[in-house]
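Visitor: Right, I'll just put the structure down here and ask away after.
The values are calculated or read from the model by the stated rules, or taken from the named source; none is laboratory data. Since this is a predicted model, take the numbers as computed values, not measurements. Cβ atoms come from the backbone with ideal geometry, glycine included; neighbour counts cover every protein chain shown. Note: areas computed on protein heavy atoms with side chains; ligands, DNA, RNA excluded. Shrake-Rupley method; radii C 1.70, N 1.55, O 1.52, S 1.80 Å.
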Amino acid sequence: MKVVLFCGGYGMRMRNDRNDAIPKPMQMVGPRPLLWHVMHYYAHFGHKEFILCLGYGAEAIKEFFLDYREAETNDFVLHANKIELLHSDISDWSITFVDTGLESAIGERLRRVRQHLDGDEHFLANYADVLTDAPLDDVVAKFHESGAAASMLVVPPQSSFHCVNVADNGDVKEIIPVSRLPVWENGGYFVLSDEIFEFLPPGGDLVADVCETYVSLDLRKMPEYNVSCTHRRALCTARQATNS
């Protein structure tokens, strides 16, 4: 399946300071940027057709791939000043670079690359700023088995703060680590069908306008919409991924 990567936001929470011009997907994790690691994850499972939704920092992302140096992380033979690679990272990848606007919401970025999906019934999508070891083959298989229109990988809260339950008189009744609350966070990994575009308005958001709509639909009134991939199913997917 094709993989749509949203890598055009400002990424202010991952800046070293206000003068840090490096876009979030290009922050380094070892010798390669975060974006490369996300793409390598998908490529490991055989998904090597990428569509990059560019915006802020587009030039840095383009330059990285245009000047890609495979010898930095692959074995090679140097002979007569020529390099013969023994392994290759991205030679079999297809990468489509699309300017989707500087201020566009994620849903709008997805709308602007729809034509590059070539009418595929299903595709993958990702925020391009988070890594996982989730078994993608199993996630995709469960998505197809469910007949759902959208799947979201969710994870337990990653923050370490505490929630405090305060009585009306100001007494503290309970202190609970957020990790123990029965809540889940959007993990940023999606399996989607092309029918989600029916609910994606211009300037819209993938989660607020699409996912929330599917969750709220009443199947008894709208049986034509298959929304079996709701919050409950997302939890099941997340439990399998986090326990593996």
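Visitor: So, in region 167-184, how many residues would count as being outside any loop (DSSP other than H, G, I, E, B) and either loosely packed, with under 11 Cβ neighbours inside 10 Å or in contact with a Ser or Thr (Cβ under 9 Å, 6 or more places away or on another chain) (or both)?
Guide: Selection size over region 167-184: 7.
Visitor: Condition (residue is aliphatic (A, V, I, L, M) and closer than 25 Å to residue 10 by Cα) applied to region 132-147: is it met by at least one residue?
Guide: Quick first cut of region 132-147, residues aliphatic (A, V, I, L, M) only: 134, 136, 139-141.
The next check asks that each one be closer than 25 Å to residue 10 by Cα; those that pass are none.
Scanning region 132-147 turns up no residue that is aliphatic (A, V, I, L, M) and closer than 25 Å to residue 10 by Cα.
Visitor: Now a separate question. Considering only residues of region 97-153 that are of a type in the set (S, T, N, Q) and part of a helix (DSSP H, G or I), which is farthest from residue 200 (Cα to Cα)?
Guide: Step by step, filter region 97-153, then rank; the result is 146.
Visitor: Could you tell me whether residue 164 is more than 20 Å from the chain's Cα centre (by Cα), surrounded by 11 or more Cβ atoms within 10 Å (Cβ to Cβ) and over 28 Å from residue 113 (Cβ atoms)?
Guide: On the way: more than 20 Å from the chain's Cα centre (by Cα): yes; surrounded by 11 or more Cβ atoms within 10 Å (Cβ to Cβ): no; over 28 Å from residue 113 (Cβ atoms): yes.
Judged against the criteria, residue 164 is not a match.
Visitor: Would you confirm, using the coordinates I've provided, whether residue 109 is open to solvent by less than 50 Å² (accessible area, probe 1.4 Å), of a type in the set (Lys, Arg) and either touching a strand residue (DSSP E or B) at 6+ places or on another chain (Cβ under 7 Å) or under 17 Å from residue 5 (Cα atoms) (or both)?
Guide: Working: open to solvent by less than 50 Å² (accessible area, probe 1.4 Å): yes; of a type in the set (Lys, Arg): yes; either touching a strand residue (DSSP E or B) at 6+ places or on another chain (Cβ under 7 Å) or under 17 Å from residue 5 (Cα atoms) (or both): yes.
Judged against the criteria, residue 109 is a match.
Visitor: Suppose we keep only residues that are assigned to a strand (DSSP E or B) and open to solvent by 90 Å² or more (accessible area, probe 1.4 Å) within region 77-96. Which one would you say is farthest from residue 197 (Cα to Cα)?
Guide: Restricting to residues being assigned to a strand (DSSP E or B) and open to solvent by 90 Å² or more (accessible area, probe 1.4 Å), the top hit is 79.
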